[in-house]
Every structure is written in structure tokens, then in C-alpha cells.
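*Asks:* First the structure, then my questions, so here it is.
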Amino acid sequence: MKKPKLTYFDNSASRGEECRLAFAVAGVDFEDNRIAFDAWASLKPNTPFGALPILELEGKPAVSQANAILGYIARKHELLPSDEWEALRVLSLLEAAEELRHTISKTFGIKDAAELERRRTELAQGPIRTWGANMERQIVGPFVAGAQLGVADIKLFVVLGWLKKGVLDHVPSDVLDHLPKLQALFENVKHHPRVVEWYARPR
Ligand SMILES: N[C@@H](CCC(=O)N[C@@H](CS)C(=O)NCC(=O)O)C(=O)O
């Protein structure tokens with residue numbers, strides 16, 4: 001059986017990284033296909049929706065959409081609760097995390113510096129904090145569904161890691177640090193042995 005092949009950009013961030021991390025946490029040997037940005041233009045028209053990540057399984061055409069890929073990995077490798085309603089709740093959080101990304105990405109490409117500052121400040125004080133408070137209420141603790149790390153924890157870890165890097169101008173890196181359950185979740189994922197192993201691997 002050929003390994004599953006995950007294709008994404010060669011950076012440890014965003015939608016591709018959370019799929020890689022889900023495979024790593026599940027202990028799956030997968031092909032980690034990383035492409036350079038300058039190779040993207042020629043690959044793009046050959047992907048299902050012109051975006052990455054894509055997943056290829058033996059004998060099947062590529063599929064896209066990070067949350068669908070995460071759902072597949074989670075169902076197959078026990079990163080979702082066995083209770084159907086709990087699983088549904090966890091999957092809903094993957095969508096909520098995507099909504100946050102979409103909200104923030106509306107400010108990408110704003111060229112005017114003052115306008116960017118205004119929009120990002122508004123985001124940080126409003127929608128991002130509201131999203132965080134809503135997400136906080138969804139966490140049983142220490143992980144989303146309780147004691148066991150699952151797929152939503154992995155996605156939240158990557159999204160929170162993005163905010164914490166402070167790479168979004170005018171969005172303070174500690175914008176969600178006041179939320180204890182989200183912070184504990186982030187730290188618990190970061191220190192999970194499989195996650196530590198993933199980031200310590202030789203590259
Ligand atoms: N809805 C898609 C969005 C995928 C997406 O926007 N991917 C970005 C990278 S995170 C991308 O491929 N950007 C390059 C492009 O759109 O040309 C998903 O969740 O996977």
C-alpha cells in the first residue's frame with residue numbers, strides 16, 4: 001500500500017501544517033510533499049480547487065480542503081471522539097477555526113498603512129476576541145473534548161501559533177492570552193510527545 005501523500009508549501013504553518021501534524025500525532029507514515037512557491041503556478045491548475053493542501057491516496061485523484069482532510073485522518077486514526085454528537089461538535093470547531101482565518105485574511109492585501117492599522121486594530125479588539133471567547137466556552141479541558149488530544153486541538157494549536165508569532169501587524173501576539181483554557185490547550189498540544197517529536201525531527 002502506497003503512503004498517503006500530502007502536498008503543501010514548504011513552511012510550518014497553516015492548513016498544510018495542521019494536516020501534517022494530524023498524521024504525525026496519529027503515527028501515520030505519510031509522504032510529506034513540500035513545494036516551493038515558485039513551483040506553485042504550474043501545479044495550481046492541476047489541483048481540485050486551485051489551492052493547497054491536497055491529499056492523494058493510492059489509486060484515487062487528489063482531494064483538497066484542509067478540514068475534509070483532517071476529518072478523514074481523524075476518523076481513520078481515532079482523533080475524533082467516538083460519540084457521534086461529540087464528534088460533530090469537534091468538527092464544528094474546525095469550521096470555526098477556518099472562519100477566523102477567513103475573517104483575518106480579508107485584511108491581506110490592504111496597501112494603505114493607516115487603513116491596515118485601523119482594520120487590524122478593529123479585528124483584534126472585536127472579532128478575534130469574540131472568536132476566542134466563544135472558542136474558550138467550547139473547551140472541556142485540557143483538550144477540546146476532554147483528556148485526549150484530538151483533531152480540533154491540532155488545528156487550534158496551529159491557528160493560535162499563528163497569532164502568537166506576532167506576524168499579523170497591529171494584532172498583538174498576546175491577543176488571546178487572557179483565555180486560560182485556550183492557553184492551556186496550546187501548551188498541552190505543544191508538549192504532547194508526538195508533537196515534540198514532529199518538531200524535533202531532522203529536516
Ligand atoms: N478552503 C481551502 C483553502 C485553501 C487555501 O486557501 N490554501 C492556501 C494556502 S493556506 C493556498 O493554497 N494559497 C495559494 C493560492 O490560493 O494560490 C482549505 O481549507 O483547504
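*Asks:* Could you size up the charge dipole of region 74-196 around its Cα centre, putting +1 on the beta carbon of Lys and Arg and -1 on that of Asp and Glu, and report it in debye to the nearest 20?
*Replies:* 220 debye
*Asks:* Which one of Ala152, Thr107, Gln138 is farthest out on the positive end of the charge dipole of region 84-192, using unit charges on Cβ (Lys, Arg +1; Asp, Glu -1) and the Cα centre as origin?
*Replies:* Towards the positive end, the residue furthest out is Thr107.
*Asks:* Which pairs, out of Lys5/Lys165; Lys3/Lys190; Lys76/Lys190; Lys3/Lys111, put more than 32 Å between their alpha-carbon atoms?
*Replies:* Among Lys5/Lys165; Lys3/Lys190; Lys76/Lys190; Lys3/Lys111, the Cα-Cα distance tops 32 Å for Lys3/Lys111.
*Asks:* How many percent of Cα pairs in region 1-83 exceed 21 Å?
*Replies:* 24 percent
*Asks:* Quote to one decimal, in nm, the extra length available between Gln125 and Asp177 on full extension: 0.36 nm per residue of separation minus the C-alpha distance between them.
*Replies:* Between Gln125 and Asp177, full extension yields 17.4 nm more.
*Asks:* Also: Just want the ordering: Asp169, Asp38, from fewest to most Cβ atoms lying within 10 Å of their own Cβ.
*Replies:* Going from sparsest to densest Cβ surroundings: Asp38, Asp169.
*Asks:* Which FRET efficiency value, to the nearest 0.05, do you get for Ala68 and Glu117 by plugging their Cβ-Cβ distance into 1/(1 + (r/R0)^6) with R0 = 45 Å?
*Replies:* Efficiency for this residue pair is about 0.80.
*Asks:* Something else now. What does the charge count near Val158 come to, summing +1 for each Lys or Arg and -1 for each Asp or Glu among other residues with Cβ under 13 Å from its Cβ?
*Replies:* For residues surrounding Val158, the net value is +3.
*Asks:* Straight distance only, please: which aspartates and glutamates reach the Cα of Lys60 with their own Cα at less than 16 Å, same-chain residues fewer than 8 apart left out?
*Replies:* Straight-distance partners of Lys60: Glu31.
*Asks:* Checking the a/c ratio against 1.5 first, then a/b against b/c, what shape does the Cα gyration tensor give for the chain? The partial results should precede the final answer.
*Replies:* Working: a/c = 1.76, a/b = 1.15, b/c = 1.53.
Here the chain falls in the oblate category.
*Asks:* Something else about it: Provide the percentage of antiparallel DSSP beta bridges, counting only those with both residues in the chain; round to the nearest 5.
*Replies:* The antiparallel proportion sits near 55 percent.
*Asks:* I would also like to ask the following. Mind ordering 152-160, 86-94, 107-115 by average Cβ neighbours within 10 Å, highest first?
*Replies:* Numbers: 152-160: 25.7, 86-94: 17.3, 107-115: 10.2.
Descending packing order for the listed peptides: 152-160, 86-94, 107-115.
*Asks:* Let me check I've understood the local charge: for Phe108, count other residues with C-beta under 12 angstrom from its C-beta, Lys and Arg +1, Asp and Glu -1. What total comes out?
*Replies:* +4
*Asks:* To continue, here is another question. When only C-alpha pairs under 8 Å and at least 6 residues apart count, what is the relative contact order of the chain, in percent? Please list the in-between numbers first.
*Replies:* On the way: 247 pairs, mean separation 42.3, N = 203.
Once divided by the residue count of the chain, the mean separation gives 21 percent.
*Asks:* How much length is gained on full extension from Ser92 to Ala13, taking 0.36 nm per residue of separation minus their Cα-Cα distance?
*Replies:* Values: separation 79, 0.36 × 79 = 28.44 nm, distance 2.11 nm.
Net length gain for the segment: 26.3 nm.
*Asks:* Using a 10 angstrom cutoff on alpha carbons, build the Gaussian network for the chain and name the most mobile of Leu185, Leu80, Leu163.
*Replies:* Leu163
*Asks:* Aspartates and glutamates near Lys181 by alpha-carbon distance under 14 Å, same-chain residues fewer than 8 away left out - which ones?
*Replies:* Qualifying aspartates and glutamates at Cα under 14 Å: Glu136, Asp153.
Read-outs throughout are calculated quantities, based only on the coordinates presented, and are distinct from any laboratory measurement. Remember, predicted model here, so these are calculated numbers, not experimental data. When we count neighbours, we look across all protein chains shown, and the Cβ atoms used for this are built from the backbone with ideal geometry, even at glycine.
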